[in-house]
Amino acid sequence: SLFWNQGRWEEAEKLFVQVMETRKTKLGADHPDTLTSMANLAFTWKSQGQHSDALALIEECAQARQRLLGAEHPDTLSSLATVAEWSS
């Protein structure tokens, strides 16, 4: 997240992909930490101008969070709000 905060998108992307894939392998695709990594990567892609990829990933994250955490969980609500914002 340090790279992300500094606007070093390519470096941040590489690390976020690595962390997400490692978490998928070790924790599972629907683990809350894996979903956080997925959301971080989506925001990174959005910052890089990869809007359609970012939207698709945050939609996948929102759906998984809704299944796993429920519709009223703060992480679910945040992801759903991001989907709505990026879709408009």
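The values are calculated or read from the model by the stated rules, or taken from the named source; none is laboratory data. Because the structure is a prediction, the values reported are computed rather than measured. For neighbour counting, all protein chains shown are included, and Cβ atoms are generated from backbone atoms with ideal geometry for every residue, glycine included. To get the accessible areas, we keep the full protein, side chains included, count just its heavy atoms, and leave off ligands, DNA and RNA. Shrake-Rupley method; radii C 1.70, N 1.55, O 1.52, S 1.80 Å.
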query = If you scan the stretch 24-49, which residues turn out to be closer than 19 Å to residue 66 by Cα and charged (D, E, K, R)?
reply = 24, 30, 33
task = Looking for whichever is among the hydrophobic types (A, V, I, L, M, F, W, C) and assigned to a loop (DSSP other than H, G, I, E, B) here; the options are 54, 29, 81. Which one fits?
result = 29
Near pairs, Cβ below 8 angstrom, 6+ apart or cross-chain, from the stretch 10-29 (modelled with pLDDT of 95 or more) to any residue that is acidic (Asp, Glu) and surrounded by 12 or more Cβ atoms within 10 Å (Cβ to Cβ) = 23/33; 27/33
query = Can residue 44 be described as hydroxyl-bearing (Ser, Thr, Tyr), without any contact (Cβ under 8 Å) to a residue 40 or more places away in the chain and either open to solvent by 50 Å² or more (accessible area, probe 1.4 Å) or out of contact with any Cys (no Cβ under 9 Å at 6 or more places or on another chain) (or both)?
reply = no
task = Mind listing whichever residues of the stretch 59-72 are open to solvent by less than 60 Å² (accessible area, probe 1.4 Å), of a type outside the set (A, V, I, L, M, F, W, C) and assigned to a loop (DSSP other than H, G, I, E, B)?
result = 70
query = Yes or no: residue 71 of a type in the set (A, V, I, L, M) and within 15 Å of the chain's Cα centre (by Cα)?
reply = no
request  = Please state which one of 75, 53 is among the acidic types (Asp, Glu), touching a Lys or Arg at 6+ places or on another chain (Cβ under 7 Å) and surrounded by 14 or more Cβ atoms within 10 Å (Cβ to Cβ).
outcome  = 75
